[in-house]
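Have a look at the structure below before the remarks.
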Amino acid sequence: MQVILGGDPFCDVFRGTYDLHKYWDLTNPDYCVSVMRGAYDGGCRSYELSFGPVQEMFLRLEAAVGEELTGYANPTYLQGVHLDGTPLQFCRSRVLKTFAERPGYLPESFVPRLKKELRENTCMLFGYDLDAQPLSDKEISAIALDEDAYLRRLHELGAASRVLVGGTDADWLFTLGREDIIVRMCEIVRALGKRPYLLCHYTSTVLPKADALALPVDGYFAAINKSWAFLEHGPAAAAVKAAKKPVTAFMAFACGGLAGGMREAAAYLAQECGVSGIMYGTTKRANAFSTARMLAEIN
């Protein structure tokens, strides 16, 4: 079981989505490095890096322990996927309104959940403005990758030997039928001598499409845990188990009910879904240590 410490709690963009009681501590790079060190002391040797300052923390840790560590660059926020010059991620409401109102993009059984329950209660992934206009076929065809912008994000995280490709953009582009952009991103990563890995949240639909496409990646990072996955848990678990490439689970403990049963949650992912690794996030050194040590014991 590969153990990877996620970097989102240590960056300005996503810090606020974690433990607000530790928000100000997480603005201190020394504190963040101490959390990373806790994971290292528990057996973790791989780290996700989403922005330059997080990479600097990673390099500080690497120098302190005197050992080469594995970095997974995650450039997926504002990485150069645009619609008419506007980052696609700024078009969130229009993309999700497309899925909600135009048939054929998402499973019919999922759409009512998107329109009500998920839009209101899982707004970080599925929230959208009800007044937004769906994308037209012409606009979907016009979505493009600014390769210079993508390269800038990749160079910002140049210390990492592995790169997570896609993220939210992968969810949307695969669903819109524009996976050609993800293929191109993988080609760019390979040309830099780095190893690409697909990152997605829509596990049940994206993984089978990536497999059918023979997407040129070394593996998949997919959102799934014992309690839930998107778009539906059963199909997502089946997609992970059937995947033709190794799958690393993230959001593995992202449910309040899992906090007291993390070993069982990890065992489910390893034994029932067949994941080869788990990426986890935490804001405390003690938790970083204990979770890494526990995951290293899971077979």
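Every read-out reported here was derived from the displayed coordinates using simple, explicitly stated rules and does not represent laboratory data. Computed from a prediction, not measured in an experiment: that's the story for all the values here. Positions of Cβ are backbone-derived with ideal geometry, glycine not excepted, and every protein chain shown enters the neighbour counts.
Starting from the amide H of Val81, placed 1.01 Å from N in the peptide plane, find each other amide H under 5 Å away whose residue is 5 or more places distant or on another chain.
Amide H neighbours of Val81, under 5 Å, 5+ apart: Leu88, Asp146.
I'd like the Karplus ³J(HN,Hα) series for the range 57-66: coefficients 6.51, -1.76, 1.60, θ = phi - 60°, whole numbers in Hz, and an x wherever there's a Gly or Pro.
These are the phi-based 3J(HN,Hα) values: 5, 4, 5, 4, 4, 4, 5, 5, 8, x Hz.
Could you tell me the relative contact order of the range 29-163? Use alpha-carbon pairs under 8 Å, at least six residues apart, and round to a whole percent.
That works out to 34 percent.
Using only alpha-carbon positions, what ratio does the radius of gyration of the range 81-145 give when scaled by 2.2 N^0.38 Å?
Against the compact-globule rule of thumb, the ratio is 1.11.
Determine ³J(HN,Hα), in whole Hz, for all residues of the range 157-162 in sequence, where each value follows from phi through the Karplus function 6.51 cos²θ - 1.76 cosθ + 1.60 and θ = phi - 60°; x replaces Gly and Pro.
10, x, 6, 7, 8, 10
Can you pull the percent of Cα pairs in the range 31-156 with separation above 17 Å?
68
Quick query: amide H of Leu49 versus all other amide H atoms, modeled in the peptide plane; which residues come in under 5 Å with a sequence gap of 5 or more or a different chain?
Here Tyr72, Ala73, Asn74 satisfy the definition.
Counting Lys and Arg as +1 and Asp and Glu as -1, each charge on the Cβ, what is the dipole of the range 81-145 about the Cα centre in debye, to the nearest 20?
With Lys and Arg at +1 and Asp and Glu at -1, about 120 debye.
Name the most mobile residue of Asn287, Asn225, Asn74, meaning the one with the largest mean-square fluctuation, in a Gaussian network model of the chain with Cα contacts below 10 Å.
Ranking Asn287, Asn225, Asn74 by mean-square fluctuation puts Asn287 first.
Between their Cα atoms, which of Lys115/Lys138; Lys22/Lys209; Lys226/Lys284; Lys194/Lys241; Lys138/Lys226; Lys138/Lys241 are more than 32 Å away from each other?
Pairs exceeding the cut-off: Lys22/Lys209; Lys138/Lys226; Lys138/Lys241.
Putting +1 on Lys and Arg Cβ atoms and -1 on Asp and Glu Cβ atoms, find which of Thr175, Gly277, Leu78 reaches farthest to the positive end of the dipole of the chain.
Checked the options; the winner is Gly277.
Take the Cα gyration tensor of the chain, multiply each eigenvalue by 5, square-root it, and list the three semi-axes largest first, rounded to whole angstrom.
Over the Cα atoms of the chain, the ellipsoid semi-axes are 30, 22, 19 Å.
Could you give each residue of the range 180-186 its phi-based ³J(HN,Hα) in whole Hz, using Karplus coefficients 6.51, -1.76, 1.60 with θ = phi - 60°, and x for Gly or Pro?
So the J values, rounded to whole Hz, are 4, 5, 5, 4, 5, 4, 4.
What percent of all Cα-Cα pairs in the range 17-62 falls into each 5 Å bin, going from 0 up to the bin containing the maximum distance?
All Cα pairs considered, the percentages come to 5, 21, 29, 27, 16, 2.
Using unit Cβ charges (K, R positive; D, E negative) and no other charged atoms, how large, in debye to the nearest 20, is the dipole of the range 132-223 about its Cα centre?
Roughly 280 debye for the range 132-223.
Report the residue, chosen from Val163, Val247, Val65, that carries the largest GNM mean-square fluctuation when the chain is represented by alpha-carbon nodes joined by springs under 10 Å.
Highest fluctuation among the options: Val65.
Nearest 20 debye, what's the magnitude of the dipole of the chain about its Cα centre given +1 on Lys and Arg Cβ and -1 on Asp and Glu Cβ?
Taking the Cα centre of the chain as origin, the dipole is about 460 debye.
Anyone know which of Gly127, Gly158, Gly38 comes out most mobile in the 10 Å Cα GNM of the chain?
In the Gaussian network model the winner is Gly127.
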